[in-house]
Amino acid sequence: MKNHRTCFAVACLLWLLMGVAPGCDAAEATDPKNLIENGGFENWAPLDPNFSRGDALQNVILIPPNLAPAGWSLMHERVKHQNRTATIAMDEQVKHGGARSVRIENRDMRDITLVMYSTERFARQPGDPRNIRPNRRYLVRWWVKGENVREDGTGPILMMFYMSEKDGKPGRVNTSEGGVELPKGTFDWQRRQLVFITDENAKWATMTFQLRWTTGTIWYDDIELLDRGPVTPVKTY
Ligand SMILES: [Ca+2]
């Protein structure tokens, strides 16, 4: 009993000193409030043409062919005269959680290859819990692993925006994993995160997990969008 008490006291002390609850990762990994469906890339389905615009995939090799993670769009920003230089794959060998991850491989420094998640399709039903809502703080977090990611490229990056609508006019608010050092080279799974705050007219959000202007290989897994509660708008005069 005494040992248990000592352990508990030490754990509490660690928690106070570090601001981190021991074992919190395990609990957070299964946070039921994740607004993203299939953020772990466990479910793959035949490619939905409505999810990938125009020639977005014309020069991407998909593995397995014509399969995509359910609920996600796949894209490659095409450069003129470019051949098939990028691959988006379901990986059952290298994954952070569950049985699968998504793998992106770029072979040309001009490659911008990405997987995209959007809540736009839920915005027509404002009561749908998968929507983002106005005046709230959101946390996006994800796991990424890399191999031979060139130092002189942009690297694996989250780029996102949310759309607002005021008096019938849409407005776009961009945000991204800017101002921080992006991982390069070869690195093991690491968790990264981004916080954004929605304005009073926010409607829907889109986020893209990219390998951008870089050669190399990356994996993404266990992507979460978490509602961290309301914020109070402050008016300035
Ligand atoms: Ca997974």
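The values are calculated or read from the model by the stated rules, or taken from the named source; none is laboratory data. Keep in mind it's a predicted model, so treat the numbers as computed, not measured. For neighbour counting, all protein chains shown are included, and Cβ atoms are generated from backbone atoms with ideal geometry for every residue, glycine included.
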message: Just to be sure I understand the filter: pairs with C-beta atoms under 6 Å, separated by 6 or more residues or on different chains, first member in the stretch 216-232 and closer than 30 Å to Thr87 by Cβ, second member among the polar types (S, T, N, Q) and within 9 Å of the ligand (Cβ to nearest atom). Which pairs pass?
response: Trp219/Ser101; Asp221/Ser101
task: Under 6 Å between Cβ atoms, at least 6 apart or on separate chains: pull out the pairs that start in the stretch 29-41 with a residue that is assigned to a loop (DSSP other than H, G, I, E, B) and among the basic types (Lys, Arg) and end on any residue that is away from the ligand (no atom under 11 Å from the Cβ) and at pLDDT 60 or above.
output: Lys33/Leu226
statement: Output for Cβ contacts, cut-off 6 Å, separation at least six or different chains, first residue among the aromatic types (Phe, Trp, Tyr) in the stretch 165-194, second part of a strand (DSSP E or B), reads Phe187/Gly146; Trp189/Trp143; Trp189/Lys145
query: Picking from Ser73, Ser164, which residue would you name as being in contact with a helix residue (DSSP H, G or I) (Cβ under 6 Å, 6 or more places away or on another chain) and small (Gly, Ala, Ser)?
result: Ser73
- line: Per the filter on the stretch 85-143, residues touching a Gly at 6+ places or on another chain (Cβ under 7 Å), more than 15 Å from the ligand (Cβ to nearest atom) and either in a strand (DSSP E or B) or at pLDDT 95 or above (or both) are Asn106, Arg136, Arg137
statement: Reported set for the stretch 193-212 where residues are of a type in the set (D, E, K, R) and within 12 Å of Leu158 (Cα to Cα) is Arg212
- prompt: For the stretch 164-196, which residues satisfy the criterion of being under 25 Å from Arg228 (Cα atoms) and among the β-branched types (Val, Ile, Thr)?
  reply: Val173, Thr175, Val180, Val195
field: Gln210 being in contact with a Phe, Trp or Tyr (Cβ under 8 Å, 6 or more places away or on another chain), of a type in the set (S, T, N, Q) and either in contact (Cβ under 8 Å) with a residue 60 or more places away in the chain or closer than 17 Å to Trp143 by Cβ (or both)
entry: no
- prompt: If a residue has to be part of a strand (DSSP E or B) and either modelled with pLDDT of 95 or more or at positive phi (or both) to count, how many in the stretch 165-192 make the cut?
  reply: 8
